[in-house]
Amino acid sequence: MKKAVTFVLLLFSMAPFAQNINRRIVDEKAKGEILIGVCNKEVLLQAPFSDWFKREYESYIPDGKAIVQLKSFAGKWKVVIVFGTWCSDSQLQVPRFLKTIDNAGYLPESLKMICLDSEKKCDDVDVTGMKIDKVPTFIIYSGNKEIGRITETPATSMEMDLLNILQKQ
């Protein structure tokens, strides 16, 4: 547990100093260009990622009542999103999650996004301590403690699953 807390602290404290942000590689298994390592939302607005990102972000309509409730939690939690730009579930759920938190007044500096290759590995960031089995994985933290996660696909909807996690803390 102590290692996990130290890892999370290190992960968030190093965010402003990341040098290899938005790194692109060609992944043979994915048969195309992917992101690897730490990335930000802005790179998802660029080709070739923008095709799926913009389509899903613009078409997703979060539940208004849940968004109002989520606003009361703004600034009180952090999230690490681990995903693959090659993964169809990531292409669907990451834009939905980002639209949800954008509408809920989430603080961008509390967001960390890590992209994995098709083998679910990344040479820039060691994610082994995060226990990532499936992507995308949205890990929610209160302070330095993990309070919940959404793995691959939400049970209800992105905003309701997130709200359920935050209300249980």
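The values are calculated or read from the model by the stated rules, or taken from the named source; none is laboratory data. From a predicted model like this one, the values you see are computed outputs, not experimental measurements. Here the Cβ is made from the backbone with ideal geometry for all residues, glycine too, and neighbour counts use every protein chain on show. Keep in mind that these areas ignore ligands, DNA and RNA; they rest on the heavy atoms of the full protein, side chains included. Shrake-Rupley method; radii C 1.70, N 1.55, O 1.52, S 1.80 Å.
Quick notes on this one:
- For the stretch 77-115, taking the residues that are of a type in the set (Ser, Thr, Tyr) and more than 14 Å from PHE138 (Cα to Cα), the one that is least open to solvent (accessible area, probe 1.4 Å) is identified as THR85.
- Within the stretch 1-38, restricting attention to residues that are basic (Lys, Arg) and in contact with a Gly (Cβ under 9 Å, 6 or more places away or on another chain), the residue that is modelled with the highest pLDDT is ARG23.
- Hey, SER118 within 26 Å of ARG24 (Cα to Cα), among the small types (Gly, Ala, Ser) and in contact with an Asp or Glu (Cβ under 8 Å, 6 or more places away or on another chain) or not: yes
- Restricting attention to the stretch 141-159, the residues that are buried (at least 18 other Cβ atoms within 10 Å of the Cβ) and within 16 Å of LYS99 (Cα to Cα) add up to 4.
- For THR128, the conditions (1) open to solvent by 50 Å² or more (accessible area, probe 1.4 Å); (2) modelled with pLDDT of 95 or more are fulfilled apart from (2).
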